[in-house]
Amino acid sequence: MALTTLEESLDLDGRLVFLRVDANVPLDNGAITDGGRIRAFLPTLKWLTERGASVVIASHLGRPQGPEDHHLSAAPVAARTSELAGFPVPLIPGVKGDAVWSAMEAMKPGEAVFLENLRFDPRETSKDDSARLELAMEWASHVDACVVDGFGVVHRKQASVYELPRMTPSYAGFLVAKEVEVLEQLTSRPERPYTVVLGGSKVSDKLGVIEALLPTVDRLVIGGGMVFTVLAAQGHAVGKSLLEKDHIEIVKGFLDFASKLGVEIVLPTDIVMAHSFSPDAPHVTLPIDQLEHGPQGADALGLDIGEESSKAFQEAIEGSHTVFWNGPMGVFEFEAFSKGTRAVAEALTTVRGLSVVGGGDSAAAVRALGFEDNQFGHISTGGGASLEFLEGKQLPGLEILGWQPPVAP
Ligand code: ADP
Ligand code: MG
C-alpha cells in the first residue's frame, strides 16, 4: 500500500492539525547554527495554513532530561519558524495540559503555534507502549488530524510518530513524501551504473546497509574511518587509524560476497596519515601498503583519503547514473582533512542522473564545505531513517501512514 499524502480534496478549513516535524536543529549556546531542518517543513506548514487549518507544530530537540532542561526549549525554533514562514508562530509553554489545550483551541483558522520540546514529556520516547499510548491519546482528543513531516524520526516508535497517527486521520507531509519517493527509486529502480559511496566513522553502523545494497549496486566506493577495517581485512597495517577489529571477519565475508556478485569495490590507494587527531596535526600522504612507514611509524592515524584516491573516487562517481553517498571521506571538520570529502561532493554535483546525500554528518559536511542543496538531486534530512529505509526495513512512522517496503524480487 502506498503512503497517504496530502491531497487537494482534503477539507482542513477550521481543523486543528498536529504537524510532527523534525526541527532538531544544531544549537550553539541557544543559537541555531543551521536552519535547514526548519526550511524543510515550511512548504507543508504553508499548505496547511493556506487551507485554513490551525496548526500545532511539534518536534523534539536534543535529549533533555526533563522539562527543567531550559536550554533545550523549543523557543529559538519557534522564533526561527516565525521568521522563515513570515507569520507569527508563538511557542506554547508546554507539551500537554490545560494551558496547552486552551492555547490550541484559541487559534483561528490559518494560525500556527509551536509546542514545547516533545521530549520534555518522557512518555514521548518511552519503551513502555502504554505510556506512549497515554500521551498520544491526550493529543488525539484535542486535534482533528495529524501530519507527519519529520523524516528524521519515522524509524522510531514514538508517541507523536507512531501512536498518535494511529488514532487520528493522518497524512505524510511533502518532505516525507519526497524522501520516500527518492529513496524508493534507489531501492527499486536505480538507473545504472549505480554507485554507493560509504564513509563515516564506523563500519559497524553500516553493516546492515552494505548487506542490503550489495545485491543491487554496481559499484561500492569506501572511504572515511570505516575503510581502515576494510584495509585491515585485506592485510594492510593501518597504524592508529580507526579500526574495529571485531568486524574484520564480517568485512572479509562482504568482500567475498561482492566479488561473487560482480560488484566492483573501489578502495583508496593512498591515505593522509597524521601525527595526531587535531586540526593542525603534521601529516603525509602514503600508499596503502606503507601506512606505517611515515615519520610517525605505527603511531600515525589516517584522517583522509589521499589525492590519488580522490581522483579515482571522482571517476567512479562521474561515470554513474545513480549515486547514493553516506559518510564523509575524512575528518572534514578539520579543514586540512576535508579534501577527500570535498572531492566526492564535487563529483556528485556533476552526476547527470540521480545523486542522493544521506546521513546527518554527510548533509552537514556538504553545507559546511559551501555546497548548495540544489547542486544535488536530493539531500536526505534523515540519517538513520534513510539508512534503515535502504536496508529494506519497515519504518514504524511510515507503516502507520500506509506505506510498505517493496517485497524483494
Ligand atoms: P553520517 O552521519 O553522515 O551517517 P557518520 O556519523 O557515519 O556519518 O560519520 C561521520 C564522522 O566520521 C565525522 O564526524 C567524521 O569526522 C568521521 N570520520 C570520517 N573519516 C574519519 C577518519 N578517517 N577517522 C576518524 N573519523 C573519521
Ligand atoms: Mg553521524
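The numbers here are math on the coordinates, done by the rules we state, and not lab data. The structure presented is a predicted model; accordingly, all values stated were derived computationally and were not measured. Neighbour counts run over all protein chains shown; Cβ positions are idealised from the backbone, glycine included.
Counted residue by residue at 0.36 nm each, then reduced by the alpha carbon distance between them, the extension gain from Phe277 to Asp11 reaches 90.1 nm. The angle between the Cα long axis of helix 307-318 and the longest principal axis of the Cα atoms of the chain comes to about 50 degrees, rounded to the nearest 10.
Cβ-Cβ distance of His321 and His70, R₀ of 60 Å, FRET efficiency by 1/(1 + (r/R0)^6): the value works out to about 0.75.
Net charge of the neighbourhood of Pro64, taken over other residues with C-beta under 14 Å away and scored Lys/Arg +1, Asp/Glu -1, is -2. In terms of surrounding Cβ atoms within a 10 Å radius of their Cβ, Phe174, Phe277, Phe313, Phe389 rank from fewest to most as Phe277, Phe174, Phe313, Phe389. Each Cα pair under 8 Å and six or more residues apart adds its separation to the average, and for the stretch 79-165 the resulting relative contact order is 24 percent. Centre-to-centre, using Cα atoms only, the stretch 75-91 and the stretch 391-406 are separated by 31 Å. Kindly list the residues of the stretch 60-74 that lie in the label zone of Asn29, defined by a backbone N under 15 Å from the point 7 Å along the Cα-to-C-beta vector. Answer for the stretch 60-74: none. Mean residue ellipticity, 222 nm, helices only, the chain: the sum of -39500 (n - 2.57) across DSSP H runs of n ≥ 4, divided by residue count and rounded to 500, is -10000 deg cm²/dmol.
For the residue pairs Lys245/Lys339; Lys240/Lys393; Lys202/Lys311; Lys157/Lys339; Lys252/Lys393, the C-alpha atoms sit more than 32 angstrom apart in Lys240/Lys393; Lys157/Lys339. In order along the stretch 4-15, phi translates into HN-Hα couplings of 7, 10, 6, 10, 3, 6, 5, 9, 10, 4, x, 8 Hz, rounded to whole numbers, per the Karplus curve 6.51 cos²θ - 1.76 cosθ + 1.60 with θ = phi - 60° and x for Gly and Pro.
Working from label points 7 Å from Cα in the Cα-to-Cβ sense, the Ile248 to Phe87 distance is 6.2 nm.
Helix 339-349 and the long axis of the chain differ in direction by around 60°, with both axes built from C-alpha atoms. Full extension of the segment from Thr269 to Leu369, taken as 0.36 nm per residue of separation minus the current Cα-Cα distance, would add 33.6 nm. If both residues of a DSSP beta bridge must be in the chain, then about 25% of such bridges are antiparallel.
Please give the Cα centre distance for the stretch 282-358 versus the stretch 105-181, rounded to the nearest Å. Measuring centre to centre over Cα atoms gives 39 Å.
Less than 5 angstrom separates the built amide H of Asn117 from those of Ala74, all sequence-distant by 5 or more or on a different chain. Between Ser102 and Thr285, the simple label model (points 7 Å from Cα in the Cβ direction) yields a spacing of 6.7 nm.
DSSP bridge analysis restricted to the stretch 1-159 gives an antiparallel fraction near 15%, rounded to the nearest 5.
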